[in-house]
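K.L.:
Dropping the structure in here first, questions after.
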2 protein chains.
Amino acid sequence: MNLDALYSELTLKTNAKLALVVLDGLGDLAIREQNNMTPLEAAVTPNLDALARDSAQGRMIPVAPGITPGSGPGHLGLFGYDPLEFQVGRGVIEALGLGMELKPGDVCARANFATLDSKGIVTDRRAGRIPTETCEKLCAMLSARVTKIGDTEVLIKAGKEHRFVVVFRGKDLEGPLTDADPNREGFVIPTVKPRDPENAKQRKMAQVIADFYKAAMPVISREKPANGFLMRGIAHQPHIPLFEDRYKLKPVALAVYPMYKGLAQLVGMKKIEGPQTIRELFERYLVEYDRFDFFFIHYKYTDKYGEDGNFAAKKKAIEDFDAVLPILLRKKPDVLAITGDHSTPCAAKGHSWHPQPVLLHSKLSGTDKLERFTETGANQGSLGVFKAKYLIRLMQANARMFDKFGA
Amino acid sequence: MNLDALYSELTLKTNAKLALVVLDGLGDLAIREQNNMTPLEAAVTPNLDALARDSAQGRMIPVAPGITPGSGPGHLGLFGYDPLEFQVGRGVIEALGLGMELKPGDVCARANFATLDSKGIVTDRRAGRIPTETCEKLCAMLSARVTKIGDTEVLIKAGKEHRFVVVFRGKDLEGPLTDADPNREGFVIPTVKPRDPENAKQRKMAQVIADFYKAAMPVISREKPANGFLMRGIAHQPHIPLFEDRYKLKPVALAVYPMYKGLAQLVGMKKIEGPQTIRELFERYLVEYDRFDFFFIHYKYTDKYGEDGNFAAKKKAIEDFDAVLPILLRKKPDVLAITGDHSTPCAAKGHSWHPQPVLLHSKLSGTDKLERFTETGANQGSLGVFKAKYLIRLMQANARMFDKFGA
């Protein structure tokens with residue numbers, strides 16, 4: 001029997017409030033150079049400690065053993081969608097990261113300006129990393145001159161340095177397509193092709209890209225070093241079952257960065273604009289408490305400093321989080337999960353595959369008799385090591401949202 | 001999405017050196033009669049202890065909960081091949097155990113001499129457990145008189161006591177077939193049949209076996225008590241994707257016993273001849289360090305003494321191993337895993353289903369803050385309890401051999 005179907009069948013609507021608090025990239029490694037401590041272990045966290053004494057802990061595998069997820073798969077897993085089943089193209093993720101509002105069916109591409117020689121051969125795939133202002137100027141030129149390809153609307157938005165995103169909005173369009181990128185210098189830009197040659201929508205999309213190149217390339221042909229552009233990860237926004245239908249929970253996203261608001265929107269969460277700090281996010285949670293059942297609250301800095309390999313800053317980011325946690329607890333949710341979307345160990349200076357620690361608190365979580373919330377403590381927790389996609393099911397269970405299975 | 005396909009897609013070639021050190025049957029049980037200690041816990045292991053302080057630990061399920069594996073499934077799992085998907089016939093395992101060099105497509109059968117009465121009824125399935133020398137003499141007689149069946153080459157090799165192996169090498173042959181063994185005394189030897197009657201290669205193979213019986217039985221008809229023979233586990237060497245293609249690692253097997261060299265060869269590992277002790281295996285590792293990327297190093301005695309139920313000898317075997325471990329560490333591999341292929345508890349006097357402990361050491365393993373490598377410690381490790389087939393994926397991840405999944 002399909003497990004998701006079983007969960008759906010057993011799901012009961014309740015009045016419970018559930019909060020999923022994500023410290024991005026929270027998980028870390030204890031290594032000798034850090035006195036065998038992780039930032040979470042080294043941080044002073046009186047409020048998390050108090051919570052830990054009445055909570056269950058465990059560790060979560062974001063996707064599969066050894067697989068390091070990007071933010072997309074990391075969050076889809078936390079939202080209960082198997083990241084192997086629901087794959088989101090890189091173009092879509094980039095568009096979300098730039099705060100673009102996508103509609104179902106939109107096809108997105110990551111793009112970057114490049115340098116071509118007189119024969120059209122790519123001589124620099126990043127156009128010498130032009131300044132962001134140049135990129136914005138070029139994107140404005142393209143946006144002004146190329147607004148439509150046939151009946152397909154074209155939306156262009158500049159990113160940092162040489163990067164930008166193109167969104168195609170129209171009828172009967174689908175990805176994924178092959179890349180318009182030779183992936184190394186010394187070759188011409190290849191023509192994109194449907195990944196599935198039998199798919200008529202992919203074939204139409206490939207033609208739209210070809211026509212887009214014809215229209216757009218002349219606009220920047222004199223703008224050396226940015227006299228060309230490459231496109232990758234061309235795919236449409238996938239169909240994802242709505243969060244509210246799937247879990248019988250009315251969800252809201254409280255996040256600062258566009259990427260995470262966008263990922264939440266992909267599954268149909270309501271997006272809230274305004275808050276700029278974790279304190280403001282928690283304060284807004286108090287305001288929105290009665291309007292929603294499920295609160296996704298995202299904190300970025302643990303990941304950011306992990307990526308920098310900055311142990312002290314990651315530790316401090318955790319302490320800053322801990323300091324404002326009591327604001328959330330003023331209206332304590334019935335079920336509270338605190339975790340990461342993956343690990344970002346300082347030693348790795350990037351995302352990793354190491355299972356992230358998770359703390360689950362409710363009247364029915366029990367206590368694992370741990371004095372703190374840490375990676376090493378979580379190893380001994382009652383939740384064990386499990387796939388992240390099950391967290392939301394455990395939260396639902398703790399909210400007594402599942403009927404008994406069988407008599 | 002198929003997970004193996006995803007792993008392949010994300011795999012990057014690196015210069016990392018990976019070593020998988022297998023103490024056969026390492027896992028054991030702490031029971032009251034042994035002062036609640038396992039041999040690994042009772043052993044004095046200063047070198048493993050030092051490694052454990054900078055390592056991750058966990059326990060591995062060889063095949064599935066409660067399933068006790070033979071050496072074949074145990075090692076295939078460690079090599080990253082799901083033992084339920086890749087099944088190797090007992091005839092093949094026996095042939096490998098006798099050091100026979102198999103070719104793809106070879107059909108192998110376990111055989112043993114038996115006693116038949118004048119009507120052909122089996123009166124002793126083991127021919128009174130004739131001495132090994134008698135078995136060798138009889139096999140030599142058979143080998144001399146039956147070298148071919150039609151265009152199929154026949155290879156016969158004696159094992160211990162009444163046991164021997166027959167390998168059929170020819171065109172269009174396949175297993176599995178039913179057994180030429182009534183499985184109890186008082187019945188005639190049944191005619192073998194294809195497991196799949198639609199399979200022409202199995203039908204041909206069944207005919208070859210029938211013709212082999214016609215040719216071979218007269219050769220030994222006067223050799224009572226060994227005047228007949230039975231054949232079981234008749235199957236061909238399965239197609240297994242090559243280790244090097246699957247993991248982008250150039251592998252070598254360092255083992256003393258033929259069975260383990262043979263299992264490694266099945267997946268395409270290079271076999272090294274010569275070393276006779278674990279010290280010699282580690283010394284050879286140093287010599288071969290630059291020529292390979294993946295080192296499978298096999299130590300037999302933990303299993304042997306577990307099978308004997310000899311706690312003191314198993315403990316001593318672990319201490320002997322520990323004493324020479326520093327030789328391996330002279331050229332420390334980038335990723336080192338130390339584990340068993342299954343448990344062989346002294347209390348069980350045989351293989352068992354209990355998850356074996358595993359230690360994983362790399363710059364990115366982190367430390368679980370455990371002072372020793374033991375079964376009880378491994379229960380608290382960050383790797384949790386996982387299927388053995390994922391170990392190699394974790395090793396690859398620790399070697400940074402996987403690209404990020406999704407953006």
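Each value in this text was obtained by applying a stated rule to the coordinates, not by laboratory testing. Just so you know, these numbers come straight off a predicted model, no measurement behind them. Every residue, glycine among them, receives a Cβ derived from its backbone with ideal geometry; neighbour counts consider all protein chains shown.
K.L.:
Which distances in nm, rounded to one decimal and ordered from shortest, link the label point of B:Arg32 to the equivalent label points in the other identical copies, with labels set 7 Å from Cα toward Cβ?
P.N.:
Reported distances to equivalent positions: 4.3 nm.
K.L.:
Give, in nm to one decimal, the length gained when the segment between A:Met141 and A:Leu10 is fully stretched (0.36 nm per residue of separation minus the Cα-Cα distance).
P.N.:
41.7 nm
K.L.:
Something else now. List the residues whose amide H sits under 5 Å from the amide H of A:Ile61, counting only those 5 or more places along or on another chain, with H placed 1.01 Å from N in the peptide plane.
P.N.:
Distant-sequence amide H within range of A:Ile61: A:Phe386, A:Lys387, A:Ala388.
K.L.:
Take A:Glu174, A:Glu94, B:Glu198, B:Glu153 and order them by how many other Cβ atoms sit within 10 Å, fewest up front.
P.N.:
Sorted ascending by nearby Cβ count, the order is B:Glu198, B:Glu153, A:Glu174, A:Glu94.
K.L.:
While we're here: At a 10 angstrom cut-off on C-beta neighbours, averaged per residue, how do the peptides A:132-140, A:14-22, A:31-39 rank from highest to lowest?
P.N.:
A:14-22, A:31-39, A:132-140
K.L.:
Quick check: net charge around B:Gly274, other residues with Cβ under 12 Å of its Cβ, Lys/Arg +1 and Asp/Glu -1?
P.N.:
Every neighbour counted, the sum reads -1.
K.L.:
How much net charge surrounds B:Tyr247 when only the other residues with a Cβ under 11 Å from the Cβ of B:Tyr247 are counted, with Lys and Arg +1 and Asp and Glu -1?
P.N.:
Cβ neighbours under 11 Å give a net charge of +1.
K.L.:
OK, next. Work the Kirkwood hydrodynamic radius out for segment B:92-236: mean of 1/r over every pair of different alpha-carbon atoms, inverted, in Å.
P.N.:
Computed over Cα pairs of segment B:92-236, the Kirkwood hydrodynamic radius comes out at 15.0 Å.
K.L.:
Continuing with the same structure: Every other copy gets compared here: list the nm distances from the A:Glu85 label point (7 Å along Cα to Cβ) to its counterparts, shortest first, one decimal.
P.N.:
1.9
K.L.:
Further, regarding this structure: Going toward the positive end of the dipole of chain A, with +1 on Lys and Arg Cβ and -1 on Asp and Glu Cβ, which of A:Pro182, A:Pro62, A:Gly381 do you reach last?
P.N.:
A:Pro182
K.L.:
Set the Förster distance to 22 Å, then compute FRET efficiency between B:Ala347 and B:Lys316 from the Cβ-Cβ distance, nearest 0.05.
P.N.:
E between B:Ala347 and B:Lys316, to the nearest 0.05, is 0.80.
K.L.:
Over the Cα atoms of segment B:157-197, each weighted equally, I'd like the Debye log10 I(q)/I(0) at q = 0.20 Å⁻¹, rounded to two decimals.
P.N.:
-0.87
K.L.:
Using a label point 7 angstrom from Cα along Cα-to-C-beta, what distances in nm, from shortest up, separate B:Lys363 from the other copies?
P.N.:
Those label-point separations list as 5.1 nm.
K.L.:
Going by Cα centres, segment B:65-121 and segment B:320-384 are how many Å apart?
P.N.:
Going from one Cα centre to the other spans 27 Å.
K.L.:
Report the FRET efficiency, 1/(1 + (r/R0)^6), for A:Lys250 and A:Leu3, where r is their Cβ-Cβ distance and R0 is 25 Å, rounded to 0.05.
P.N.:
Efficiency, from the Cβ-Cβ distance: 0.60.
K.L.:
What does the highest-first list of B:84-91, B:287-294, A:164-171 look like by mean Cβ count within 10 Å?
P.N.:
Going from most to least packed, we get A:164-171, B:84-91, B:287-294.
K.L.:
Determine the dipole magnitude for segment B:92-236: charges of +1 sit on the beta-carbon of Lys and Arg, -1 on that of Asp and Glu, nothing else is charged, the reference point is the Cα centre, and the result goes in debye to the nearest 20.
P.N.:
Approximately 180 debye in magnitude.
K.L.:
Another one. Per DSSP H run of at least 4 residues, take -39500 (n - 2.57); add these up for the protein assembly as shown, divide by its residues and hand me the 222 nm value, nearest 500 deg cm²/dmol.
P.N.:
Taken over the protein assembly as shown, the calculation gives -9500 deg cm²/dmol.
K.L.:
Working out 0.36 nm times the residue gap between A:Ser118 and A:Val44, then minus their Cα-Cα distance, what length gain in nm do you get to one decimal?
P.N.:
Result for the pair: 20.6 nm of gain on full extension.
K.L.:
Hey, can you rank B:181-187, B:114-120 by average C-beta count inside 10 Å, highest first?
P.N.:
B:114-120, B:181-187
K.L.:
Report the far tail of the P(r) of the protein assembly as shown, meaning the percent of Cα-Cα pairs longer than 41 Å.
P.N.:
Counting every Cα pair in the protein assembly as shown, those more than 41 Å apart make up 47 percent.
K.L.:
Over all directions, the average projected area of the alpha-carbon convex hull for chain B comes to how many nm²?
P.N.:
Here the figure is 21.7 nm², rounded to one decimal.
K.L.:
With +1 assigned to the C-beta of every Lys and Arg and -1 to the C-beta of every Asp and Glu, and no other charges, what is the dipole magnitude of chain B about the Cα centre in debye, to the nearest 20?
P.N.:
Using only the charged Cβ atoms, the result is roughly 520 debye.
K.L.:
On the rotation axis linking copies A and B, which residue of A comes nearest by its Cβ, and by how many whole Å?
P.N.:
That would be A:Gln380, 3, residue then distance in Å.
K.L.:
A follow-up question, please. With the radius of gyration and the Kirkwood radius both derived from the Cα set of segment B:273-370, what is their ratio Rg to Rh?
P.N.:
My calculation of the ratio gives 0.99.
K.L.:
Give the average, rounded to an integer, of partner chain Cβ atoms located within 10 angstrom of each Cβ in A:380-387.
P.N.:
Mean shielding count: 2.
K.L.:
Modelled label-to-label distance, A:Gln276 and A:Ser382, 7 Å Cα→beta-carbon offset: nm?
P.N.:
Taking the two extended label points, one gets 4.3 nm.
K.L.:
When Rg is the radius of gyration of the Cα atoms in segment B:1-132 and Rh is its Kirkwood radius, what does Rg/Rh come to?
P.N.:
Reported Rg/Rh (Cα atoms, Kirkwood Rh): 1.09.
K.L.:
Same structure, new question: Treat the count of other C-beta atoms within 10 Å as a stand-in for reagent exposure and order A:Arg195, B:Arg372 from fewest to most.
P.N.:
Going from least to most buried by this count: A:Arg195, B:Arg372.
K.L.:
Now for a different question. Would you mind giving the mean number of other chain beta-carbons within 10 Å of the Cβ of each residue in B:233-242, as a whole number?
P.N.:
0
K.L.:
Continuing with this model, one more query. Determine the sum of side-chain charges near B:Leu10: Lys and Arg each +1, Asp and Glu each -1, restricted to other residues whose C-beta is under 9 angstrom from that of B:Leu10.
P.N.:
Net of charged neighbours comes to -1.
K.L.:
Mind checking B:395-402 for the average number of partner chain beta-carbons within 10 Å of each residue's beta-carbon?
P.N.:
For this peptide, the per-residue mean of nearby foreign Cβ atoms is 3.
K.L.:
At q = 0.16, 0.19, 0.29, 0.35 Å⁻¹, work out log10 I(q)/I(0) for segment A:368-407 with the Debye formula, treating every Cα as an identical point scatterer and leaving solvent out; two decimals please.
P.N.:
Computed log10 I(q)/I(0) values: -0.55, -0.71, -1.01, -1.08.
K.L.:
Could you grab the Rg to Rh ratio for segment B:104-177? Cα atoms only, Kirkwood for Rh.
P.N.:
Rg/Rh: 1.01.
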